[in-house]
Amino acid sequence: MRHLLSASDLDRDTAVRILDTATEMAATQGREIKKLPTLRGRTVVNLFFEDSTRTRISFETAAKRLSADVINFAAKGSSVSKGESLKDTALTLQAMGADAVVIRHHASGAPHLLASSGWLAGAVVNAGDGTHQHPTQALLDAFTLRRHLVAAGDAGLGRDLAGLHVAIVGDVLHSRVARSNVDLLHTLGARVTLVAPPTLLPVGVEAWACATSYHLDEVIAEGRPDAIMMLRVQRERMGAGVPANGAPVATGFFPSPLEYTRAYGLDARRLAMLPEHAIVMHPGPMNRGLEISADAADSPRAVIVEQVANGVAVRMAVLYLLLAGGPKEENA
Ligand code: CP
């Protein structure tokens, strides 16, 4: 693996190898001393052109736990705000000796451009590009699913997600998380049903490796999903703005927030309809009261905080597999 740009680039064996490596990384994180010397002498740059809490912090934590040097670059406060291009930013990072660049960008395809341009010699990791892909989110979701639902005794080592049914609900149209998860879950043998209003399903979704439905109650009652993954309603991509108090606002994509919640929100009633073993997932950040109620988000079935913790182990695995084993490690 030279870069990690898209969940669709991962075949089953590579994906399982990342999940197995993440399991080993997670085991080291229970120790008193969490730091491993593996990436000593390597430099990881977190290049974030778009806001992030979980992804940015967990990549930084992952790189530091592997003893890499970490440079955090946010577009706000950098020369990007003076008009500097992605190319010149990349050339600057190359001059500083970046071994890996973790990039989040509002433009779909920006990580691919960085990886294929020749501006950088190091590995490129996509930390979310536009509405396109977020492969490490899909990996941490698969890791969480495997931990809860596959061969609990041995943490599912060597295993995929064959036979599981995952319902992904909400704003699929704007969701790189949904796209990445459909790709990876299919590769790992799981069955996916996307549930959304017609306005929030992308054109061409029929060609994706999943089923679709407009009816959440029906999918829960008849589909009996092993996991339900609620998606954030991405108001900032709907031209609706986000009020400072975070209150639900009307958009052109559904009649009203209340009607969206009634049709597609996960609340106590729908939570009670899920199979007993089913888990509740959300990539975060959540719009509490819109796509998920406090009852559901804080219920014992919710693994949302655990998803964040698993993100560190998964990102340690990705950085390790991309960077370890090269000349600098041999010289260390
Ligand atoms: N899930 C996710 O990507 O969250 P952040 O935007 O906080 O990184």
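The values are calculated or read from the model by the stated rules, or taken from the named source; none is laboratory data. Predicted model only: the values in this text are computed from it and were never measured. Note that we place each Cβ from the backbone using ideal geometry, even for glycine, and neighbour counts take in every protein chain shown. With ligands, DNA and RNA removed, areas are computed over all heavy atoms of the protein, side chains included. Shrake-Rupley method; radii C 1.70, N 1.55, O 1.52, S 1.80 Å.
Answer yes or no as to whether residue 98 is among the small types (Gly, Ala, Ser), surrounded by 20 or more Cβ atoms within 10 Å (Cβ to Cβ) and under 20 Å from the mean Cα position of the chain (by Cα). Here the answer is no, as residue 98 does not meet what is asked. With respect to the stated conditions, residue 131 is within 16 Å of the ligand (Cβ to nearest atom) and either more than 28 Å from residue 301 (Cβ to Cβ) or among the acidic types (Asp, Glu) (or both). When segment 20-59 is filtered for residues that are farther than 21 Å from residue 284 by Cα, among the aliphatic types (A, V, I, L, M) and open to solvent by less than 20 Å² (accessible area, probe 1.4 Å), the ones remaining, listed by number, are 25, 39, 44, 45. Scanning segment 151-184 for residues that are more than 14 Å from the ligand (Cβ to nearest atom), without any contact (Cβ under 8 Å) to a residue 60 or more places away in the chain and in a helix (DSSP H, G or I) yields 152, 153, 154, 182. Annotation note: Cβ proximity below 9 Å between a residue of segment 65-94 that is touching a residue at least 12 places away in the same chain (Cβ under 8 Å) and a residue that is polar (S, T, N, Q) and open to solvent by 50 Å² or more (accessible area, probe 1.4 Å) (sequence gap 6+ or interchain) occurs for 75/81.
A search for C-beta distances below 6 Å between a residue of segment 106-122 that is more than 20 Å from residue 52 (Cβ to Cβ) and any residue that is surrounded by fewer than 20 Cβ atoms within 10 Å (Cβ to Cβ) and not basic (Lys, Arg), counting only pairs 6+ apart in sequence or on different chains, returns 119/91; 120/94. The residues in segment 245-295 that are of a type in the set (Val, Ile, Thr), open to solvent by 20 Å² or more (accessible area, probe 1.4 Å) and at pLDDT 95 or above can be counted, and the count is 1. Checked against the criterion of being open to solvent by 20 Å² or more (accessible area, probe 1.4 Å), of a type in the set (A, V, I, L, M) and modelled with pLDDT under 95, segment 317-331 contains one or more residues that satisfy it. Does segment 219-238 hold any residues that are in contact with a strand residue (DSSP E or B) (Cβ under 9 Å, 6 or more places away or on another chain), closer than 16 Å to residue 166 by Cβ and not in a strand (DSSP E or B), and which are they? Hits for segment 219-238 are 219, 220, 223, 224, 225, 226, 231.
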